[in-house]
Every structure is written in C-alpha cells, then in structure tokens.
Amino acid sequence: MTSDDALAFERHLDATAPAVADIARALRLTVLEAFPDAVETFDPADGLLAIGTGRSMRDFSFAIIPHKAHVNLQLADGVDLPNADGRIEGTGKRVRHVKARSVEDARSPWMRAAIAAQLAFRAG
C-alpha cells in the first residue's frame, strides 16, 4: 500500500466505531498474510480498501468495507467460489462477500479459507 492509501484508510477507520476499526485492521492483516505482494488502494468515495495485483478494477481480488457493526470482505469472484458452509453471501453478478463481526472472525479458519479460495481462483 502506498503511504497515502495507508494513511487515508487509517483516517477512515479512526472515524468508525473502535470495534469495527479493529475488525477491519485484523481482516486487512489476514488478507495480507495470504497475499503479501498485494497492491492496496483506498477508495474514499466508497470508504473501502481494495486489494489486488494492481490498481485497476479488474486487478482487485478483495475489498474491505467497514459497516456500522461489522466489516465485509468482498470476494471479486465469489460467485465461483466453494461455499459449503454458506458464509459467502450476496446476489451480485460476480462479487460476493463474507461478514466479519469480530476480530476472531477476521482471523478465523473459515475466513482464511475464503481468502485462499479467492486467491486460488485468480491463480487459475
């Protein structure tokens, strides 16, 4: 992440509920553990942090979106990912999401599995 994007996302999180900010930070670290060479882009209009191989929309694999009481992790190819436990939600044409309602959710095995599935799908 460029320092400008990092600072902007942190400023955005500072303006959210502390528990939600903690979840978003934990979720970001969980994604980056699996995707260490990721490019991060903060979108202030939508209040989201996009994560992918570049800065264009087609390069994004994930987006972290803080809400009032939870944080969504968007999965760019969620419609094609395995969803045996039913945690992947949404009705978009391609994009689906998983909800993290706690720091524990953000670090959980099921969250790591969703992240791994998205990365594997993009790797082909």
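Could you pull out every residue, at least 5 positions away or on a different chain, whose amide H is within less than 5 Å of the one on Val39? Hs are placed 1.01 Å off N in the peptide plane, and Pro or chain starts have none.
Residues meeting the criterion, in which the H sits 1.01 Å from N, are Gly52, Thr53, Gly54.
In deg cm²/dmol and to the nearest 500, what is the mean residue ellipticity at 222 nm of the chain if only DSSP H runs of at least 4 residues count, each as -39500 (n - 2.57), divided by the residue total? Before the final figure, lay out the partial values.
Details: 4 runs with 49 residues, N = 124.
Calculated mean residue ellipticity at 222 nm is -12500 deg cm²/dmol.
Under the definition of Cα pairs under 8 Å and six or more residues apart, what whole-number percent is the relative contact order of the chain?
Rounded, it is 24 percent for the chain.
Just to be sure I understand: with springs between alpha-carbon atoms less than 10 Å apart, which residue in Ala106, Ala24, Ala45 has the highest mean-square fluctuation in the Gaussian network model of the chain?
Ala45
How large a share of the accessible area of the chain, in percent, is made up of carbon and sulfur atoms when the probe is 1.4 Å and the other protein chains stay in place?
C and S atoms contribute 55 percent here.
Of Thr16, Thr91, Thr41, which has the largest mean-square fluctuation in a 10 Å C-alpha GNM of the chain?
Result for the chain, Cα springs under 10 Å: Thr91 fluctuates most.
Among (1) 0.96; (2) 1.22; (3) 1.11, which is the computed Cα Rg over 2.2 N^0.38 Å?
So the structure-derived entry is (1).
The values are calculated or read from the model by the stated rules, or taken from the named source; none is laboratory data. Computed from a predicted model, the values in this text were never measured in an experiment. Each accessible area value is taken on the protein alone, full model and side chains, heavy atoms only, with ligands, DNA and RNA left out. Shrake-Rupley method; radii C 1.70, N 1.55, O 1.52, S 1.80 Å.
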